[in-house]
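Worksheet: one structure, shown below.
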Amino acid sequence: MTSYKLLLLPGDGIGPEVMAEVEKVIDALDALGLAHFEIERDLVGGSAIDAHGKPLTDEALARADAADAILLGAVGGPKWADVAYEIRPEAGLLRLRKDLGLFANLRPAICYPALADASALKRELVEGLDIMIVRELTGGVYFGEPKEITTLPDGSKRAVDTQVYTTAEIERIAHVAFDLARKRSGRVASAEKHNVMKSGVLWKEVVTRVHSEYGDVSLEHVLADNCAMQLVRRPKQYDVLVTDNLFGDVLSDVAAMLTGSLGMLPSASLGAVDAKGSRKALYEPVHGSAPDIAGKGYANPIAMIGSLAMCLRYSFGLGEAADLLDAAVTRTLASGARTRDIAAEGVTPISTAEMGDAIIRELTHAAG
Ligand code: NAD
């Protein structure tokens, strides 16, 4: 069986705690003969600042470049609040995304039946929810130039951010969305604001053109503000939702809240497919380093374990192993196991490690 090169970057705060559970799952997958990995480990974020004075060393970046996929825990925390802006913990993550060209951010928002009551919305609106948000990650207003604050003659200030998209940037993210829709229910919604933004006009035009190559997928255009409203009104109407960097940032956080807890949400950031048919990819939970609960054994490892499942599916083509792992999570939750973030009142929560063990038991049972 092929052995995949996986780089683990646990990072800071609860990052190493949830990554420890992923390492246990990796050992279990190996023991069950479902997948084999060559594991490397390195530092990112605050832990790299402490060890090397910068949030990502060139050596770590080279390792990331050589790996088949990267799993990252989380970066940041109050300990590094005062370091220089250029070497803040988040800069390590941004450099990884930028230097590896990870332009497509995939964020599934799945509401497990067992957790439907933990959502801010009514059970019937979210139970069975399964949306995939595809956010453009390396263009748009977060990167466009000019980006500056200048002082006007009267002493007041003027701030500028620039929203820029090219045809090629929109085409490649549209392809990611349509290809994904083919493997799901065949529906894509594209969110922009063509009514007030030129970048929205181009976005809509290019997505429509790319769609003509996908006769088996349906496409709906939706204004981003309406989309935000629809996500809380009738979220199950969406399957794949493709949008730009800024709108994606906001809409994916709205979708996150539909599912109950940040501790449940995995993500993937993918690069372009190369001549050999492979692509750079980084998988990480949506949540941060949660300094408020770090070191206490409270962290929910499901977002991190779900990130490994995405890695099996999207980087290694191991759909069967990914299905088994996702199903193990669903059954573990159905059995009543809860970390503190998802435990209803009166339910005794289990620890990070106990949740990892429970998922591995279900995985072993299903694969055995
Ligand atoms: P956060 O996601 O770390 O935490 C928000 C809340 O959710 C906290 O109450 C936390 O306890 C809870 N939470 C998060 N993950 C959880 C889990 N797996 N299990 C149970 N509870 C969980 O966001 P924040 O508090 O705004 O940020 C903390 C630090 O993380 C900051 O330094 C921030 O910059 C950084 N951050 C990093 C990333 C990343 O690495 N990708 C993302 C967001 C924030």
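The values are calculated or read from the model by the stated rules, or taken from the named source; none is laboratory data. Keep in mind that this is a model prediction, so the values were computed, not measured. Here the Cβ positions follow ideal geometry from the backbone for every residue, glycine too, while neighbour counts run over all protein chains shown. Each accessible area value is taken on the protein alone, full model and side chains, heavy atoms only, with ligands, DNA and RNA left out. Shrake-Rupley method; radii C 1.70, N 1.55, O 1.52, S 1.80 Å.
Key figures
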| read-out | value |
| --- | --- |
| Mean-position separation - Cα centroids, the range 148-166 and the range 282-342, in angstrom | 41 Å |
| 10 °C / 1.306 mPa s Stokes-Einstein diffusion coefficient of the range 3-150, Kirkwood radius on C-alpha pairs, µm²/s | 89 µm²/s |
| Label-to-label distance, nm, for residues given as HIS365 and ALA344 (7 Å Cα→Cβ offset) | 2.1 nm |
| Rh (Kirkwood; distinct C-alpha pairs) - the range 220-368, Å | 17.2 Å |
| Rough spin-label spacing in nm, given labels placed 7 Å along Cα→Cβ, for ARG41 and ASP253 | 3.3 nm |
| The range 165-205 shape via C-alpha gyration tensor axes, a/c threshold 1.5 | oblate |
| Spherically averaged projected area of the range 109-260 from its Cα convex hull (nm²) | 10.5 nm² |
| Heavy-atom accessible surface of the range 109-260: percent carbon and sulfur, 1.4 Å | 55 percent |
| Spin-label pair GLU354/ASN226, simplified geometry with 7 Å Cα→Cβ offset, distance in nm | 4.9 nm |
| Reciprocal mean inverse distance between Cα atoms of the range 233-292 - Kirkwood radius, Å | 13.8 Å |
| Accessible surface of the range 35-107, 1.4 Å probe, proportion on carbon and sulfur as whole % | 50 percent |
| Among beta bridges that DSSP assigns inside the range 1-147, antiparallel share in %, nearest 5 | 40 percent |
| Probe 1.4 Å, accessible area per residue of the chain, Å² | 44 Å² |
| Heavy-atom accessible surface of the range 267-368: percent carbon and sulfur, 1.4 Å | 51 percent |
| CD proxy at 222 nm, helix term only [per DSSP H run n ≥ 4: -39500 (n - 2.57); per residue of the chain; nearest 500] | -12500 deg cm²/dmol |
| Within the range 324-368: backbone nitrogen closer than 12 Å to the ASP27 label point (7 Å, Cα to C-beta) | 357 |
| Bridge type composition, the chain - antiparallel percent by DSSP, nearest 5 | 45 percent |
| Debye-sum result for the chain in log10 I(q)/I(0), which assumes one identical scatterer on each alpha carbon, at q = 0.06, 0.12, 0.13 Å⁻¹ | -0.22, -0.93, -1.10 |
| Reference-scaled alpha-carbon Rg (2.2 N^0.38 Å with N residues) for the range 139-208 | 1.50 |
